[in-house]
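K.L.:
So that we are looking at the same thing, I have put the structure below in structure tokens.
Computed from the coordinates by the stated procedures, all read-outs in this text should not be read as laboratory data. The model shown is predicted, which means the values in this text are computed figures rather than measured ones. Here the Cβ is made from the backbone with ideal geometry for all residues, glycine too, and neighbour counts use every protein chain on show.
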Amino acid sequence: MSSIDLNARIPNNVNLVDDRTLQRALEHWQPAFLDWWKDMGPSDFLKSDVYLRTATGVDAAGWATYGSVKMPDYRWGIFLADPEPHRTIGFGDHMGEPVWQQVPGEYRSTFRRLIVTQGDTEPASVEQQRLLGHTCPSLYDLRNLFQVNVEEGRHLWAMVYLLHAYFGRDGREEAEELLMRHSGDTDKPRILGTFNEPIDDWLSFYMFTYFTDRDGKYQLKSLAESAFDPLARTTRFMLTEEAHHMFVGETGIGRVIKRSLEVMKELGTDDPAAVRRAGAIDLQTVQKYMNFWFSSALDLFGSESSSNAGSYFANGIKGRPDEAKFADHREIDTVYHFEGPDGAGGIKNNEVAMRNAMNAITRNEYVKDCEVGLKRWNKLIERAGFEVELKLPSDRFHRSIGAWANVPTDAAGTPIAKDAYDALCRSALPSAEDRSFVKSLQVRVVEPGKMAAWIAPPDRGINNLPVEYEYVRLN
Ligand SMILES: [Fe+2]
Ligand SMILES: [Fe+2]
């Protein structure tokens, strides 16, 4: 196992102490990161004591240490999963060859772009969420928000380490740029469009952590298969932290639904207006938010047919999530079929080389993973005795990228006329009124154990502590 240096200025398990040049370069970047955190991280909570977990190791049990920390003092470190001895490339044209400990020259700019794009989303999400703390529905939720935020900060460190260690001067410049672009900035926005939208209500935050962060999980799973071993090891460890972010999203949405069901039972009605009058979020609104966030997360995977995705696979740069479970790891003459619009209001079957369909294949795995929460939430609804069913819309609905971009369909994916589609969007996606209703519920609740009226308490607290624990001490 790699040795862990927790007392260094930058905690790490990459023997930073043995590479003085790299260590100095990263120690030079560190104050810029802290300045960024103070300016662009959670607004106004720099002095609060937050009950956080910190990565202090990489073994499956015991990799995290819990304790009360002021966020600027969080020990952001560099942790890679332990190397697999004799690991070989698991897919593509280099299958079976030893993995790479350095970036091959011919793939250097591709790797750099992928690492920068991944790295850019991490601080972007912290920036998007920076005002949320002011309207937290409970201290438990406030703590979870900050946990997600500090870990996204650590994921930035993870990518910056790779840039500094393997990409020389260009890498160091990219690392600086990662702190200069800002979510929503008109001059220097974040790279991906969705990461420039502010997230200023908690229902959106739960949707983000459920749907958008899960896209991140699938990108990381693909990179975890990479032939470039330091990238694979870095992303594998990031995935262990990411699991908590998915948990925050799934339980957050679940608690909103649970509260809604309690109100429906009390009132003896499933009338959305009545639920709203009672201060909870009706299930119809939850469905609309889901339609919006799911469809925009699907766009992050790119087009169904992509020659870039094909060359990433061929060259060992990016595999499929859990590559080992696929039967054929070369996919030389294999094909993939998918349905696209025929341009005349119908559907046609498309055939593409399997290698070029990697975005679609990854996205299909993502959709399956999204369904898991839906099943749980629908069980809650069923057990409460109501006949509503929450559903993910078709992956053709409300798309901006790929075969179905800007093609009017209904929520089940059947092509429909433009007028009908526009009307459907007005009823199936959050309206300005829905958004302002959700915003009207956002009030700050900071008494330990208390919850805002629109959300049920969690089933249990963090790290076996009670729900009533004072997870954030607001100093
Ligand atoms: Fe992340
Ligand atoms: Fe995340």
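K.L.:
In nm, to one decimal, how far is the Asn406 label point from the Glu27 one, both placed 7 Å along Cα→Cβ?
P.N.:
5.4
K.L.:
Continuing with the same structure: For the stretch 81-145 and the stretch 1-26, what is the centre-to-centre distance using only Cα atoms, to the nearest Å?
P.N.:
When both Cα centres are located, 19 Å separates them.
K.L.:
Given only helices, namely DSSP H runs of n ≥ 4 each adding -39500 (n - 2.57), what is the per-residue ellipticity at 222 nm of the chain, to the nearest 500 deg cm²/dmol?
P.N.:
When only DSSP H runs of four or more count, the value is -15000 deg cm²/dmol.
K.L.:
What ranking of Met246, Met180 emerges when the number of other C-beta atoms within 10 Å of each C-beta is taken as an exposure proxy, fewest first?
P.N.:
Fewest-to-most ranking of Met246, Met180: Met180, Met246.
K.L.:
Here is a follow-up. Along the Cα→Cβ direction, 7 angstrom out, place labels at Ala273 and Glu197. What is the inter-label distance in nm?
P.N.:
Going from the Ala273 label point to the Glu197 one covers 2.8 nm.
K.L.:
Considering the options Phe111, Asn475, Gly461, tell which one lies farthest towards the positive end of the dipole of the chain, charges being +1 on Lys and Arg and -1 on Asp and Glu at the Cβ, about the Cα centre.
P.N.:
Asn475
K.L.:
Pull up the DSSP beta bridges for the stretch 305-406 and report the antiparallel fraction as a percent, rounded to 5.
P.N.:
90
K.L.:
Same structure, new question: Let a ≥ b ≥ c be the square roots of the eigenvalues of the Cα gyration tensor of the stretch 377-475; is it rounded (a/c under 1.5), or, if not, prolate (a/b larger than b/c) or oblate?
P.N.:
Prolate, because a/c is 1.5 or more and a/b exceeds b/c.
K.L.:
What is the fewest-to-most order of Ile78, Ile332 by other Cβ atoms lying within 10 Å of their Cβ?
P.N.:
Result, fewest neighbours first: Ile332, Ile78.
K.L.:
Taking the alpha-carbon centroid of each part, what is the distance from the stretch 186-242 to the stretch 425-447 in angstrom?
P.N.:
25
K.L.:
Further question: Could you run the Karplus curve 6.51 cos²θ - 1.76 cosθ + 1.60 with θ = phi - 60° over the stretch 269-278 and give me ³J(HN,Hα) per residue in whole Hz, x for Gly and Pro?
P.N.:
After applying 6.51 cos²θ - 1.76 cosθ + 1.60, I find 8, 10, 5, x, 5, 5, 4, 5, 4, 7 Hz.
K.L.:
Whole Å is fine, so just give me how far the alpha carbon centre of the stretch 322-339 lies from that of the stretch 455-469.
P.N.:
First find each Cα centre; the distance between them is then 43 Å.
K.L.:
Then there's this: Using amide H atoms built in the peptide plane, which far-off residues or other-chain residues are under 5 Å from Ile78 H to H?
P.N.:
Asn12, Asn13
K.L.:
Taking amide H atoms as placed 1.01 Å from N in the peptide plane, list the residues 5 or more away in sequence, or in a different chain, whose amide H sits under 5 Å from that of Ile347.
P.N.:
Answer set, sorted by chain and number: Asp342.
K.L.:
Still on this structure: Give me the percent relative contact order of the chain, please, defined on Cα pairs under 8 angstrom at least 6 residues apart.
P.N.:
Computed over the chain, the figure is 18 percent.
K.L.:
Give me Phe437, Phe91 ranked fewest to most by other Cβ atoms within 10 Å of their Cβ, as a rough exposure proxy.
P.N.:
The fewest-first ordering by Cβ neighbours comes to Phe437, Phe91.
K.L.:
Binning every alpha carbon pair distance of the chain at 20 Å from zero, what are the percents per bin?
P.N.:
Distribution as computed: 23, 55, 21, 0 percent.
K.L.:
How large is ³J(HN,Hα) for each residue in the stretch 7-12, as worked out from phi by the Karplus curve 6.51 cos²θ - 1.76 cosθ + 1.60 (θ = phi - 60°), to whole Hz, x for Gly and Pro?
P.N.:
8, 5, 4, 10, x, 6
K.L.:
Beyond 25 Å between alpha-carbons counts as too far, so tell me which of Lys288/Lys379; Lys188/Lys439; Lys288/Lys375; Lys221/Lys379; Lys221/Lys348; Lys258/Lys391 fall in that bin.
P.N.:
Lys188/Lys439; Lys221/Lys379; Lys221/Lys348
K.L.:
Still on this model: Karplus couplings for the stretch 327-335 from phi (6.51 cos²θ - 1.76 cosθ + 1.60, θ = phi - 60°), rounded to Hz, Gly and Pro as x?
P.N.:
Along the stretch 327-335, the couplings run 7, 10, 9, 10, 6, 6, 10, 8, 10 Hz.
K.L.:
Given H placed 1.01 Å from N in the peptide plane, which residues other than close sequence neighbours of Ser183 have an amide H under 5 Å from its amide H?
P.N.:
Arg190
K.L.:
List the equivalent ellipsoid semi-axes of the stretch 42-90 in whole Å, largest first, each obtained as the square root of 5λ for an eigenvalue λ of the Cα gyration tensor.
P.N.:
Output for the stretch 42-90: semi-axes of 32, 12, 7 Å.
K.L.:
Assuming a ≥ b ≥ c are the square roots of the Cα gyration tensor eigenvalues, decide whether the stretch 273-394 counts as rounded (a/c under 1.5), prolate (otherwise, with a/b larger than b/c) or oblate.
P.N.:
In terms of gyration-tensor shape, prolate.
K.L.:
Nothing charged except the Cβ atoms of Lys and Arg (+1) and of Asp and Glu (-1): what's the magnitude of the dipole of the stretch 145-212 about its Cα centre? Round to the nearest 20 debye.
P.N.:
That gives a dipole near 200 debye.
K.L.:
Among the DSSP beta bridges whose two residues both lie in the chain, what percent are antiparallel, rounded to the nearest 5?
P.N.:
85
K.L.:
Ok, one more. At R0 = 25 Å, how high is the FRET efficiency between Asp322 and Ala64 if r is their beta carbon distance? Nearest 0.05 is fine.
P.N.:
Using R0 = 25 Å, I get an efficiency of 0.60.
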